[in-house]
Structure formats: structure tokens, C-alpha cells
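The structure appears below as C-alpha cells.
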Amino acid sequence: MEQSQTPSRILLVDDEKAIIDNLASFLERAGFAIAVALDGEAALDQVARLTPDLLVLDVLMPKMNGREVVRRLRQQDNWTPIILLTRVGQSTERAMALEEGADDYLNKPFDPYELVARIRAVLRRRAEAPRQMPLAMATRVRAGDIVLDRTARRVEQVGKPVELTARAVALLEYLLLHAQEVLTRERLLDAVWGWDYPVATRAVDARVAELRRALGDDPDAPRLIETVVGQGYRFVATVEIA
Amino acid sequence: MRRGQWLRRWRLGVSLIPLSLGVAAALLWQAGLFPNPVLTLRLRADVGTLLLVLGTMLTLLGLPAAVVAVTAARRRDRDLEAAHSACTDDRRCFLQRLDHELKNPLTALRAGLANLASLPGGRERDAVHTSIEAQVLRVNRLVSDLRKLVELEQRPAERVPVDIGELLAEATQLAHDVPGREATLNLPQAPWPLPPVLGDRDLLALACYNLLENACKFTRPGDAIEVRAFEDGQSVVIEVADTGPGIPTEDLPHVFDELYRGENARTIEGSGLGLALVRAVARHHNGAVSIRSRTGHGTAVTMRLPLA
């Protein structure tokens with residue numbers, strides 16, 4: 001798909017030269033045009049000068065860290081899609097992630113092919129609603145009769161609170177923010193649990209079952225969470241800012 | 001961190017100096033104690049009041065600057081805290097730093113290997129590539145296990161009713177995938193079935209899985225693996241026993257330590273963190289693990305989880 005149009009321009013920001021060098025040529029080979037920056041200040045300059053289509057941003061960097069870069073951009077109403085290289089497993093990180101509004105997160109060390117998959121997914125999602133505040137920045141999101149309050153970590157259905165475990169809420173949040181995308185169990189594990197042990201995929205199934213039970217979603221005729229056989233799960237309802 | 005806080009206070013303090021000098025001067029003037037008679041002669045206005053006004057103005061100018069600086073510093077600290085979470089003890093700090101130092105080179109290595117794979121090459125080069133990749137993934141697994149261990153001690157565990165029998169059944173199923181291993185599961189029905197344990201399902205599943213994985217790894221084809229669980233009034237007790245080669249007595253006290261490898265375990269692949277994770281999960285649930293073993297006979301690992 002990328003070949004027929006002009007390639008998407010990615011700004012890669014990391015203070016580690018070895019990562020920049022290897023990832024830049026890998027991403028170029030995957031069909032993207034790459035610019036690089038070695039610290040946060042340089043990243044902001046580059047964003048202003050080059051208006052890239054997407055940023056891949058490390059968190060711990062000299063001069064200005066990745067989180068500050070996201071904050072500054074969002075404060076200027078700059079909604080350039082951002083993939084932040086960190087994990088959002090714990091509640092404090094989750095709260096920060098909400099405040100920042102990055103589009104996706106990837107934990108180092110990652111599989112470079114996974115990075116390409118996420119870049120494509122984020123670009124596709126954003127292409128459908130360009131220049132709008134992304135869902136990732138919304139405090140409350142709605143899908144049909146379900147409302148998720150991301151700050152309070154509460155879920156309501158037809159105005160009534162739904163009782164869920166903290167991890168089920170986190171899983172629902174990730175599904176909602178990545179609606180219409182097929183998410184493998186491995187990816188959900190990495191994003192929501194921050195783990196990858198062999199049988200852990202069962203943990204994902206157990207939480208999906210919990211969500212379906214609590215939200216009254218029939219796996220055979222899903223309104224919300226669809227099982228994609230051999231691949232994973234997909235949130236099928238339309239999600240909007242509430 | 002501590003130095004940062006001190007600096008911040010110091011900055012606030014400095015911005016208050018002009019005000020305090022002004023107040024002091026005003027008081028001295030009022031009391032007629034101002035030490036400089038020349039000033040007294042030259043100035044008609046109330047010098048003390050003048051100084052007070054001057055001091056107040058400087059403070060008003062200085063305070064916002066200090067507040068802005070403090071806010072920025074707080075935000076910076078919060079980011080750092082998130083990056084390093086609470087480093088409350090040396091061991092955890094060490095593990096966290098190790099994870100941090102390894103993840104960048106590993107990220108670069110994996111991207112480099114992916115580049116290499118797309119370059120033209122012969123069968124020999126492919127073989128080298130495959131071998132290096134396997135080793136990189138092995139280090140990758142070690143890093144991810146270390147991270148699990150650190151996070152596990154920090155994350156607040158969920159407390160929902162968990163059916164241990166179901167978790168053991170899932171884990172036992174795994175043993176059947178290992179050639180030559182037959183694991184039997186024995187769950188009580190009398191006097192009543194196993195009661196649920198209040199805890200974190202994902203963590204408990206991880207512990208059960210690790211126990212079974214260990215039993216499979218340290219046994220030979222044909223050895224028996226028995227999984228059982230019962231309730232003794234205070235706890236749910238889980239036991240995974242095998243007829244494997246056993247663990248030498250001198251190794252036994254250390255098998256739950258991170259990265260410890262006994263004499264017999266050196267040749268067996270693994271991160272050396274399996275039992276350390278089990279112990280961390282047990283402690284997280286206010287439980288405990290213990291091990292009994294006899295060389296030439298077998299091993300039994302017992303995990304106790306308190307009843308609600």
C-alpha cells in the first residue's frame with residue numbers, strides 16, 4: 001500500500017545511536033521515510049520543520065524526555081500520532097498516559113516487526129479522523145450503551161455502574177482505544193499486563209470472558225468483543241469521545 | 001532526589017530574603033535602632049517603610065519564579081519516579097537498573113538482526129543468523145522475567161476469588177505437551193471441594209504454571225509428576241511432586257534465589273527465575289513456598305495460600 005503513495009514520514013527519536021541506526025534502516029526497508037533526532041529538544045525542532053506523519057519516541061532522553069515532548073506538542077494542539085517507547089502497566093503510568101495522549105505504547109526491547117505493525121495501525125486509525133483530538137486523549141469514551149471513565153477507572157452501562165476487576169477495566173480501555181483493530185493475545189498481554197509467559201494467553205481469554213459476562217456480550221453474536229479465530233480479539237462497536 | 005528537594009526549599013527561601021530584610025529594617029526603624037545615621041539625615045521619607053516596600057516587591061517578583069521552578073522540578077521528579085518506580089531496597093534497585101541497562105542494547109540488537117535477515121546471504125550466513133537470534137531472544141526472556149519479578153513485588157495484587165483447581169488443571173495440561181511426561185492431578189471432593197483463594201488470578205496462574213514447567217524440566221521421560229491440592233483449615237496447600245533425579249542437599253536452601261543454578265540444573269535451559277517468581281507470588285498473597293528433595297528419589301514443592 002505504501003509504495004503507491006508517497007511514503008509516510010516517521011520521526012524516530014532516541015538518544016541511543018545504535019538503536020537509531022538499526023531501526024532507521026529497518027523502517028526504511030519497510031517502506032517509510034525516516035528522519036531522526038537524538039533528544040527531545042531536537043525532536044520538537046524537527047516536528048516543527050518537517051511535520052512528520054508519526055513520531056516514535058523514547059522516554060528517557062537527555063535535555064527533554066519523551067513525556068515532556070508529548071506534553072508540549074499536545075499543549076500546542078499538535079495531534080501528530082505518537083508511539084511512546086515505554087510500558088503503561090501500573091496505575092501511575094496509566095494516569096500519565098492519559099494526560100499525555102500518546103497513541104500507542106511499546107515496551108523495550110521490542111520485536112521490530114511489531115513496531116512496523118503498530119505504526120501502520122496508528123496511521124490507519126488516524127487517517128480515518130485526521131486533525132481531530134485522538135481518542136487517546138479523551139477522559140471519557142463511549143461505545144453504544146457503555147461509558148468508560150478513564151480517570152475514575154469506572155465503567156457504566158445504561159448509566160449503571162458495572163463491577164469489573166482493575167485489569168478487566170485496563171483491557172477494556174485498550175480494546176476501546178484500538179477499536180476495529182485485530183489485537184493478538186500476545187499484544188494485549190504486552191500492553192495491558194506487561195508480561196509474556198507461555199500460558200499467559202489464557203489470562204487474556206479469562207479477562208475477555210469476564211468482560212463479556214459483565215457487559216452481557218454474547219461471544220456467538222458479539223456487539224462488542226469479537227473473537228477472530230486463530231488471531232485474537234477485535235472491538236467491533238463504534239467508539240467516540242463521551 | 002533529596003538534593004533536589006533541598007534545592008527547591010532553598011530557592012523558596014532565597015525569594016523570601018528581601019521580604020524578611022525589609023521587615024527587619026522596618027522594625028529596626030520603628031524602634032529607632034536603625035544603625036546608619038547618614039541615611040537618617042538624608043532621607044525624608046520613612047526609610048524602613050521604603051525598604052519594606054522594596055523587599056515586598058522583590059519577593060513578589062521572586063515567588064512566582066520560585067513556584068514555577070518548583071512545579072517544573074516536581075514534574076521532572078514524577079517522571080523519574082515513574083521510570084525508576086520506588087527503589088525501596090538494594091536488590092530491587094539492582095534488578096531495575098539491570099533491566100534498564102539491558103533493554104537498549106537488546107532493542108538495537110533485535111533491529112540489527114532484522115536488518116541482517118533482509119540482506120542477501122547464503123545458507124551459512126542464515127545458520128549464523130538463526131543462532132545469534134536464538135541467543136538474543138534468550139537474553140530477552142531473561143530481561144522480561146527480571147521485569148516480571150520486580151513488577152510483581154510492586155503491583156497491587158487483585159483480591160478476587162480464584163479457583164485454584166482450575167488453574168492447576170490448566171497447568172497440568174501443559175505437562176502433557178512435553179514428550180514422555182504424564183502429570184496426574186488430584187483435587188479433593190471430600191469433605192468438600194477446594195475453596196477459592198482470594199487473590200490475583202493471573203499471578204496465581206503464573207505460579208502454578210512455573211511449578212509444572214519446573215517439574216517437566218527436571219524430570220526424565222517416564223518419571224511421574226503428581227499435582228495435588230487440599231485445604232487444612234488455614235490454607236489451601238498446593239503440591240507438585242516428581243520422581244525426578246532430585247536436588248542435592250547443599251543446593252536446596254538456594255533454589256528460590258534469583259538466577260541460582262544448582263549443579264544438576266546447569267545444562268537445563270531456563271532463566272533461573274522460575275522458582276523465584278513462585279516465591280514472589282506466594283509472598284504477595286501472604287503465603288509461602290517450601291521444597292523437599294532427595295537425590296535419586298524426587299522433589300516436592302509446596303505452596304501455601306491463606307484462606308480468606
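What follows draws every value from the coordinates through simple rules; no lab data is involved. Note that the coordinates shown come from a computational prediction; the quantities given were computed from them, not determined experimentally. Quick reminder, even Gly has a Cβ in these numbers, built from the backbone with ideal geometry, and neighbours come from all protein chains shown.
Quick rundown of the values:
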{"read-out": "Relative contact order %, the range B:189-264, counting alpha carbon pairs below 8 Å whose residues are six or more apart", "value": "24"}
{"read-out": "Relative counts (whole %) of C-alpha pair distances in chain A, using bins that are 10 Å wide", "value": "7, 32, 36, 20, 6, 0"}
{"read-out": "Positive dipole terminus of the range A:138-241, leading residue within A:204, A:175, A:147 (C-beta point charges)", "value": "A:147"}
{"read-out": "Gyration tensor (alpha-carbon) shape descriptor, the range B:175-228, a/c threshold 1.5", "value": "oblate"}
{"read-out": "Rounded to 10°, Cα long-axis angle of helix A:112-128 versus longest principal axis of chain A", "value": "80"}
{"read-out": "Most mobile of A:229, A:116, A:169 in a GNM of chain A (Cα contacts under 10 Å)", "value": "A:229"}
{"read-out": "Helical mean residue ellipticity (222 nm; -39500 (n - 2.57) per DSSP H run of 4+; nearest 500) of chain A", "value": "-11500 deg cm²/dmol"}
{"read-out": "Theoretical FRET efficiency, 1/(1+(r/R0)^6), r = Cβ-Cβ of residue B:129 and residue A:113, R0 22 Å, to 0.05", "value": "0.90"}
{"read-out": "Binned Cα-Cα distance frequencies in the range A:138-241 - 5 Å width, integer %", "value": "2, 13, 26, 27, 20, 9, 3, 0"}
{"read-out": "Efficiency of FRET between residue B:307 and residue A:137 - r from beta-carbon atoms, R0 30 angstrom, step 0.05", "value": "0.10"}
{"read-out": "Amide N proximity, the range A:200-225 versus residue A:160 label position 7 Å along Cα-to-Cβ, cut-off under 15 Å", "value": "A:213-217"}
{"read-out": "Estimated distance in nm for a label pair at residue B:118 and residue B:186, the labels positioned 7 Å out from Cα along Cα-to-Cβ", "value": "5.7"}
{"read-out": "Length-normalised contact order of chain A in % [C-alpha pairs under 8 Å, at least 6 apart]", "value": "14"}
{"read-out": "Gyration tensor (alpha-carbon) shape descriptor, the range A:9-127, a/c threshold 1.5", "value": "rounded"}
